[in-house]
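Encoded as structure tokens, the structure appears first; notes follow it.
The values are calculated or read from the model by the stated rules, or taken from the named source; none is laboratory data. It should be emphasised that the depicted structure is a prediction, and the values quoted were computed from it without experimental measurement. Cβ placement follows ideal geometry from the backbone for every residue including glycine, while neighbour counts extend to all protein chains displayed. All accessible areas refer to the heavy atoms of the entire protein, side chains included, with ligands and DNA or RNA removed. Shrake-Rupley method; radii C 1.70, N 1.55, O 1.52, S 1.80 Å.
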Amino acid sequence: MRLDLAGKSFAGRPVLGALRLAVGRGQRLAILGPSGIGKSTLLRILAGLDGDFQGRLEGRERLAVVFQEPTLLPWRRAVANITLPTGCDQAQARALMAEAGLTGHENKFPRQLSLGQQRRLSLARAFAARPDILLMDEPFASLDPGTAGRMMDLTARLLDRSGAGLVLVTHDAAEAARLGAAPVRLAGSPAVLAANGVSGLG
Ligand SMILES: Nc1ncnc2c1ncn2[C@@H]1O[C@H](COP(=O)(O)OP(=O)(O)OP(=O)(O)O)[C@@H](O)[C@H]1O
């Protein structure tokens, strides 16, 4: 997919300036920058969740988005949280849950899972949708270092196996490095790609 952004404003206030990003299957990109710079805004544009911008978004890839908050269906059990939105079958959902270390939790409701478990369920759901590109917005924030590290390793494993591309929003360059994602840094107001950043891949 390819974004050629001319600008993005909220209520007349420019947040993002002109920038270009491209990512495809097998490629990994991390959008870095300080709080409030516009990382989530850029990810929402890439995800097709915000069409109110100047520029062009192109690409036919299948996308899946993982937010910091797991956005699970509260009244559905864990397995159904995977099968219902993605259309995958029970066996696939259970296999993905096993890979995410969630064996034994299949019939629990989201509120009966820890935050780390809810995040892993949300990650399993994203891969059940068989995305070409996975878009992640601060998915490892507010987890203890061990839990965050295990979730990064799980993400890397699932990306390796599926061949999906990645766009990761983070303020932590170490996360980008651990996932092998090429760093792209936002800076300025309105934010553009910093001079030392690469403008994407492919
Ligand atoms: N829906 C909205 N309406 C108005 N302003 C918004 C909206 N969403 C974001 N903004 C503003 O756009 C700017 C960029 O916000 P964004 O959430 O993209 O930053 P961020 O880099 O992801 O920050 P953080 O790392 O803290 O999540 C901020 O000034 C924010 O207040």
_Residues to consider are L29, L57, L42; find the one that is within 16 Å of the ligand (Cβ to nearest atom), aliphatic (A, V, I, L, M) and in a strand (DSSP E or B)._
L29
*asked:* Just the residues that are open to solvent by 60 Å² or more (accessible area, probe 1.4 Å) and either more than 10 Å from the ligand (Cβ to nearest atom) or in contact (Cβ under 8 Å) with a residue 60 or more places away in the chain (or both), please, taken from region 1-10.
replied: R2, D4, A6
*Verdict on A64 being in contact with a helix residue (DSSP H, G or I) (Cβ under 7 Å, 6 or more places away or on another chain) and either crowded, with 20+ Cβ neighbours inside 10 Å or touching a residue at least 60 places away in the same chain (Cβ under 8 Å) (or both)*: yes
_Subset tally (residues that are of a type outside the set (K, R), open to solvent by 60 Å² or more (accessible area, probe 1.4 Å) and in a helix (DSSP H, G or I)) for region 98-113_ = 1
_Out of A95, A80, A18, I need the residue that is more than 16 Å from the ligand (Cβ to nearest atom), open to solvent by 10 Å² or more (accessible area, probe 1.4 Å), small (G, A, S) and closer than 19 Å to A194 by Cα. Which one?_
A18
*With (1) surrounded by 14 or more Cβ atoms within 10 Å (Cβ to Cβ); (2) assigned to a loop (DSSP other than H, G, I, E, B); (3) not polar (S, T, N, Q) as the list, and W75 as the residue in question, which single condition is left unmet?*
(1)
*Only listed residue being modelled with pLDDT of 95 or more, among the charged types (D, E, K, R), outside any loop (DSSP other than H, G, I, E, B) and within 16 Å of the ligand (Cβ to nearest atom), chosen from R185, R125*: R185
*Yes/no for R13 being within 16 Å of the ligand (Cβ to nearest atom), open to solvent by 50 Å² or more (accessible area, probe 1.4 Å) and charged (D, E, K, R)*: yes
